[in-house]
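Inspection log for the structure reproduced underneath, given as structure tokens.
The values are calculated or read from the model by the stated rules, or taken from the named source; none is laboratory data. All of these numbers come straight from a predicted model, not from anything done at the bench. In this analysis, Cβ positions are derived from the backbone assuming ideal geometry, glycine residues included, and neighbour counts consider all displayed protein chains. These area figures cover heavy atoms from the full protein model, side chains too; ligands, DNA and RNA do not enter into them. Shrake-Rupley method; radii C 1.70, N 1.55, O 1.52, S 1.80 Å.
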Amino acid sequence: MTILGITSALWLTTCTNMVAAISFYLVYAAGMMNLSQAGFMAIGAYAIAIAAKSSVVPFWLGALLGFVVITTVALMLAGITARLGGIYLGMATLAFIIVIQQLIIINPHLGGAVGIHGIPRLITPASALCIVVLVSFLARVIMKSRLGYEMRIVREDHIAAQSMGINVLVVRLQTSVLSAWIAGIAGAMEALHTNFIGPHDFGFPLLIGILSFAIVGGTDRWWGPLIGALLLTFLPQTTRAFRDYREIISGALILSVMLAFPEGTVGIVLRLRSFIYKKKALIGIRSILSMQKNEKTFKI
Amino acid sequence: MTTVISAHHLHKSFGGINAVNDVSVSFEEKRLYGLIGPNGAGKSTLINLLSGQLSVDSGIIEYQGRDITQAPPHIRSRKGVGRTFQHTRLTEAMTLLETVISGCLISKRAGILAYLLQIPSTRLKYLSSRGEAQIILELVGLEDLANSMVRELSWADQRLLEIARALALKPKILLLDEPTAGMHVEALPRVAVLLKNLVEQGLSVVVIEHNVPFISNTVNYVYAMDSGSIIADGAPSDVLKSKEVIQSYLGEFHE
């Protein structure tokens, strides 16, 4: 099935990637190099997949259990890694992803290394788009709330944050949990549109993919990684001739962004905005000056 | 005159160095204090101990009569101990208004879920924060730049913005670490007037300063430190003439 010439599978993958990108944005915005999204996507995906396939477990119960597990695990992970920063947090959360993968592989009830087949397709491009819109709205509201301000201050300088009355640990916990929930949603979306999930879908390649959305899209605004996900999922696929080279295209795109536009699409859009604003201001000033000139020479 | 902060017999050492050695100070409301001394005297360390960034090895710190020696820094800030830093720690990617608004929201404990659900009392908190932020920026003299980005500000304005942000949390005492450092001489009167205003409105303000004329003209009471101890305290005119203080800055005087 195609919509606007693009297969529904591609729409769905793009939507999933956009939600995953937002999940990463939240922790990055708080200054945490937390790379655990793939792990929480795995938990969300498996919870939904098992519930969807099972005749015993109703769908909503699976979703609820997935939610509870994600919350608990996110709190534990954030608590354990509370004192870590920068690259050390990155390494710790990377290890977390591997741990989740291994836990799935050794567990026969979760399908082991083979994965789960035959998951019913319960998601449509329309509902996926709705989810993207809802999650985007959530991200925007969070950034405009007190938590958003606190996150930005903690990111910039956690000592200044303390002197502002911000409990840095609580802010990091809240951000980690919110990010994990959204990652879980992305994982569930993934499970419901691809017939099959396996532990290897939620490992290092996925992590690199999410990071590349953030790099290309830009991390200064919440919509940055969203645009990055859109570009990097669509662009390599749209031209039939290039489809075989899509990995090279993705790589080239990421590289050129890092070299030429390190701020990503966010940087480009913001510069464009201020450029247009300055042009308008300049036009405004010129017209005021010319009106003043005309006033002086106008005689009744 | 009520005492806002009183500290007794504070000790803090790093390795073998006694950064703060048996220091006792007391700060009252409606007064402007100067904390002077050569570099390395322990002034910033003392401020860090009072605001909670460092924990004391021994000693007691009391805020409005209550012991806060073990309280973490963010709790002390919420209770009313405000501070600025020697090197500005501002978020560059915000506007001035947003910087001060963030302080207001934190002090009002404006809920996040409540904001999501647009509960009226929380909406009020967010709206009133905007107004308060405007007023604070006017107090500090930065209202014209309210919508500029922090990274576009001059150094002096950044220092003033830091004070504005600290004010957003409604402190009872302000600990300012070299607020005029690096400022152009013409910006100094603005700071002096601001500090006098704040003191008149009931705050206790403590300033670490190296600028002697600034101290002698604006401050009510001076503590002088050297090598971790208080070597003199009292009215500016007395302290600045004291032999120990002059020696600490200029070295031993040999006839």
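Of the residues A:Ser145, A:Ser163, the single one that is in contact with a Pro (Cβ under 8 Å, 6 or more places away or on another chain) and facing chain B (nearest Cβ under 10 Å) is A:Ser163.
Residues in region A:111-137 that are out of contact with any Pro (no Cβ under 8 Å at 6 or more places or on another chain) and crowded, with 18+ Cβ neighbours inside 10 Å: A:Gly111, A:Ile116, A:Ile119, A:Ile123, A:Pro125, A:Ala128, A:Ile131, A:Val132, A:Val135.
Residues that are within 21 Å of B:Leu174 (Cβ to Cβ) and within 14 Å of chain A (Cβ to nearest Cβ) within region B:52-62 comprise B:Gly52, B:Gln53, B:Leu54, listed in sequence order. The requirement of being at pLDDT 90 or above and of a type outside the set (A, V, I, L, M, F, W, C) is fulfilled nowhere in region A:2-12; no residue meets it. Is it fair to say A:Phe213 is in a helix (DSSP H, G or I), in contact (Cβ under 8 Å) with a residue 60 or more places away in the chain and surrounded by fewer than 18 Cβ atoms within 10 Å (Cβ to Cβ)? Taking the combined requirement at face value, the residue does not satisfy it. For region A:154-174, the candidate set comprises residues that are aliphatic (A, V, I, L, M) and open to solvent by less than 20 Å² (accessible area, probe 1.4 Å); within that set, the residue that is farthest from B:Asp177 (Cα to Cα) is A:Val171. Applying the criterion of at least 1 residues that are more than 21 Å from the chain's Cα centre (by Cα) and modelled with pLDDT of 80 or more to the helices (runs of 4 or more DSSP H) found wholly in region B:209-255 leaves B:236-241, B:243-250.
Does region B:176-186 contain at least one residue that is farther than 27 Å from B:Glu28 by Cα and part of a helix (DSSP H, G or I)? Scanning region B:176-186 turns up at least one residue that is farther than 27 Å from B:Glu28 by Cα and part of a helix (DSSP H, G or I).
Give region B:26-60 a look and list any residue that's assigned to a strand (DSSP E or B) and touching a Phe, Trp or Tyr at 6+ places or on another chain (Cβ under 9 Å), or say none. Residues satisfying the conditions are B:Phe27, B:Glu28, B:Leu32, B:Tyr33, B:Gly34, B:Leu35, B:Ile36.
Here the condition is being buried (at least 20 other Cβ atoms within 10 Å of the Cβ) and either touching a helix residue (DSSP H, G or I) at 6+ places or on another chain (Cβ under 7 Å) or within 14 Å of chain A (Cβ to nearest Cβ) (or both); of B:Leu160, B:Leu116, it holds for B:Leu160 alone. Name every residue in region B:86-113 that is open to solvent by 20 Å² or more (accessible area, probe 1.4 Å), more than 7 Å from chain A (Cβ to nearest Cβ) and over 22 Å from A:Ile142 (Cβ atoms), in order of residue number. Correct list: B:Gln86, B:His87, B:Thr88. Whether a residue is open to solvent by 30 Å² or more (accessible area, probe 1.4 Å) and either at pLDDT below 90 or charged (D, E, K, R) (or both) was assessed, and B:Arg31 passes this test. Just to be sure, is B:Ser24 within 14 Å of chain A (Cβ to nearest Cβ) and of a type in the set (Ser, Thr, Tyr)? Spelling it out, it is not the case that B:Ser24 is within 14 Å of chain A (Cβ to nearest Cβ) and of a type in the set (Ser, Thr, Tyr). Scanning region A:15-48 for residues that are open to solvent by 10 Å² or more (accessible area, probe 1.4 Å) and assigned to a loop (DSSP other than H, G, I, E, B) yields a count of 5. The set of residues in region B:6-25 being without any contact (Cβ under 8 Å) to a residue 60 or more places away in the chain, surrounded by 16 or more Cβ atoms within 10 Å (Cβ to Cβ) and out of contact with any Phe, Trp or Tyr (no Cβ under 8 Å at 6 or more places or on another chain) consists of B:Ala7, B:Leu10, B:His11, B:Lys12.
On the stretch given as region B:42-67, residues that are open to solvent by less than 40 Å² (accessible area, probe 1.4 Å) and of a type in the set (Ser, Thr, Tyr) total 4.
Does A:Leu231 count as on the phi < 0 side of the Ramachandran plot, among the aliphatic types (A, V, I, L, M) and buried (at least 21 other Cβ atoms within 10 Å of the Cβ)? For A:Leu231, the condition - on the phi < 0 side of the Ramachandran plot, among the aliphatic types (A, V, I, L, M) and buried (at least 21 other Cβ atoms within 10 Å of the Cβ) - is not met.
A count restricted to region A:49-86 and to residues that are assigned to a helix (DSSP H, G or I) and either open to solvent by less than 30 Å² (accessible area, probe 1.4 Å) or within 20 Å of A:Ser23 (Cβ to Cβ) (or both) stands at 23. How many residues are at pLDDT 95 or above and surrounded by fewer than 23 Cβ atoms within 10 Å (Cβ to Cβ) if we restrict to region A:175-209? Of the residues in that region, 3 qualify. All told, B:Ser154 falls short of being more than 22 Å from the chain's Cα centre (by Cα) and either of a type outside the set (Ser, Thr, Tyr) or surrounded by fewer than 21 Cβ atoms within 10 Å (Cβ to Cβ) (or both). Inspection of region B:129-147 identifies no residue that is surrounded by 17 or more Cβ atoms within 10 Å (Cβ to Cβ), closer than 16 Å to B:Gly82 by Cα and touching a strand residue (DSSP E or B) at 6+ places or on another chain (Cβ under 9 Å). Restricting the search to helices (runs of 4 or more DSSP H) fully inside region A:114-187 and requiring at least 3 residues that are in contact with a helix residue (DSSP H, G or I) (Cβ under 6 Å, 6 or more places away or on another chain) and closer than 21 Å to A:Ala21 by Cβ gives A:125-144, A:146-156. Of all the residues in region B:102-129, those that are free of Cβ contacts under 8 Å to residues at least 60 places away in the same chain, under 13 Å from A:Arg146 (Cβ atoms) and aliphatic (A, V, I, L, M) number 6. Restricting B:Arg76, B:Arg83 to those that are within 20 Å of the chain's Cα centre (by Cα), in contact (Cβ under 8 Å) with a residue 60 or more places away in the chain and either exposed (fewer than 15 other Cβ atoms within 10 Å of the Cβ) or within 9 Å of chain A (Cβ to nearest Cβ) (or both) reduces the list to B:Arg83.
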